[in-house]
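**Q** Submitted below is the structure of interest, expressed as structure tokens.
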Amino acid sequence: MKIEKFSDYEALSNHVAEALIATLQENPSAVICMPTGNSPRRTFELFVSKVKERSIDLSNFFFIGLDEWVGVPSELRGSCAYEFRSLLFEPLGIEDHQFHLFDGTSLDLEGECEMMDAVIQEHGGIDFMVVGIGMNGHIGFNEPGVEFDRYAHIVPLDETTITVGQQYFDQPMKLEYGITLGFNHLLNAQTVYLIANGQKKAEVVKRAAEGPVDSSFPASIMQRHMNGVIAVDAEAASGLSN
Ligand code: F6R
């Protein structure tokens, strides 16, 4: 794992957008996995504008959504599906057969997990994965205490995630469970970028990068990835010791 520091959020997002494009130029059928939330928002915007400006052909790439809130319909603003649609699929005209997302409203959530694992396997695994980090150290919905050797799974949400998660919705939401890729997917991905920006992420970035690798702080898993990058702006990097 390595750490890459950028002057600000814009420079960080620009770097990740360029890294995504470089991956797709080298391998047009690459499998890309992204999170939602505040951290990747500018990366999505820059990626979309660069793809348009440079007329990059995305007709062969495949997209995997990292996670979803259980019980939240995909049409609702705040669901991960809504974010992926509005930030990526609609602006770039990505067709339905080019992505696979969890359906958080499925009555067969175990089946959703099995299907996600099968789709990733059929596509030969994830080439480039971007993740964020929660205020409790979660990645996706891999909450503190998660088993590291999981594929897609369903997780009872931590209090912090339930509270912080309200910000994404227009009305108070009953959030109890998440459905998410597991850390086997993360460790098997060719390249993983954990992105974080802002002063409020300084402490969690420090723990992820320098703390013990332990499931009580899930993002510490990044230290085990040979091709893992923790990419941060100056504020999020401010707690790091070197
Ligand atoms: C969302 C996800 C979450 C977020 C994390 C950070 O799809 O996977 O793990 O990445 O909660 O969220 P932000 O970026 O909003 O601080």
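The values are calculated or read from the model by the stated rules, or taken from the named source; none is laboratory data. Keep in mind that what you see is a predicted model, and the values were worked out from it rather than measured. Every residue, glycine among them, receives a Cβ derived from its backbone with ideal geometry; neighbour counts consider all protein chains shown.
**Q** Taking region 30-57 as the region of interest, how many residues are touching a residue at least 40 places away in the same chain (Cβ under 8 Å) and over 24 Å from residue 6 (Cα atoms)?
**A** Count: 3.
**Q** Ok, one more. If you take the residues of region 134-143 that are more than 8 Å from the ligand (Cβ to nearest atom) and touching an Asp or Glu at 6+ places or on another chain (Cβ under 6 Å), which of them is nearest to residue 110 (Cα to Cα)?
**A** Among residues in region 134-143 that are more than 8 Å from the ligand (Cβ to nearest atom) and touching an Asp or Glu at 6+ places or on another chain (Cβ under 6 Å), the one nearest to residue 110 (Cα to Cα) is 143.
**Q** Between a first residue in region 122-147 that is under 19 Å from residue 102 (Cα atoms) and a second residue that is near the ligand (Cβ under 7 Å from one of its atoms) and charged (D, E, K, R), which pairs have beta carbons less than 6 Å apart while being 6 or more apart in sequence or on different chains?
**A** What qualifies is 140/67; 141/67.
**Q** Counting only residues that are under 20 Å from residue 62 (Cα atoms) and modelled with pLDDT of 95 or more, give me the helices (runs of 4 or more DSSP H) lying completely in region 100-210 with at least 3 of them.
**A** So the answer is 109-122, 183-188.
**Q** Is it the case that some residue within region 230-242 is among the small types (Gly, Ala, Ser), part of a helix (DSSP H, G or I) and surrounded by 18 or more Cβ atoms within 10 Å (Cβ to Cβ)?
**A** No, region 230-242 contains no residue that is among the small types (Gly, Ala, Ser), part of a helix (DSSP H, G or I) and surrounded by 18 or more Cβ atoms within 10 Å (Cβ to Cβ).
**Q** In this structure, is residue 241 away from the ligand (no atom under 16 Å from the Cβ) and of a type in the set (Ser, Thr, Tyr)?
**A** Yes.
**Q** Checking residue 152 against (1) surrounded by fewer than 17 Cβ atoms within 10 Å (Cβ to Cβ); (2) in contact with a Cys (Cβ under 9 Å, 6 or more places away or on another chain), which single condition isn't satisfied?
**A** The single condition residue 152 does not satisfy is (1).
**Q** So which residues in region 13-57 are more than 12 Å from the ligand (Cβ to nearest atom), within 18 Å of residue 194 (Cα to Cα) and not β-branched (Val, Ile, Thr)?
**A** Result: 14, 15, 17, 18, 19, 20, 22, 45, 46, 47.
**Q** Here is a follow-up. Quick one: would you say residue 101 is free of Cβ contacts under 8 Å to residues at least 40 places away in the same chain, on the phi < 0 side of the Ramachandran plot, within 13 Å of the ligand (Cβ to nearest atom) and crowded, with 18+ Cβ neighbours inside 10 Å?
**A** Criteria met by residue 101.
**Q** Another question about this same structure. Give the number of residues within region 133-149 that are among the polar types (S, T, N, Q) and crowded, with 24+ Cβ neighbours inside 10 Å.
**A** The number of residues fulfilling the criteria is 1.
**Q** When you look at residue 89, is it buried (at least 17 other Cβ atoms within 10 Å of the Cβ), within 11 Å of the ligand (Cβ to nearest atom) and over 27 Å from residue 236 (Cβ atoms), yes or no?
**A** The answer is no for residue 89.
**Q** Just give me the residues in region 77-86 being more than 12 Å from the ligand (Cβ to nearest atom) and outside any helix (DSSP H, G or I), in sequence order.
**A** Once the filter is applied, which keeps residues that are more than 12 Å from the ligand (Cβ to nearest atom) and outside any helix (DSSP H, G or I), region 77-86 yields only 77.
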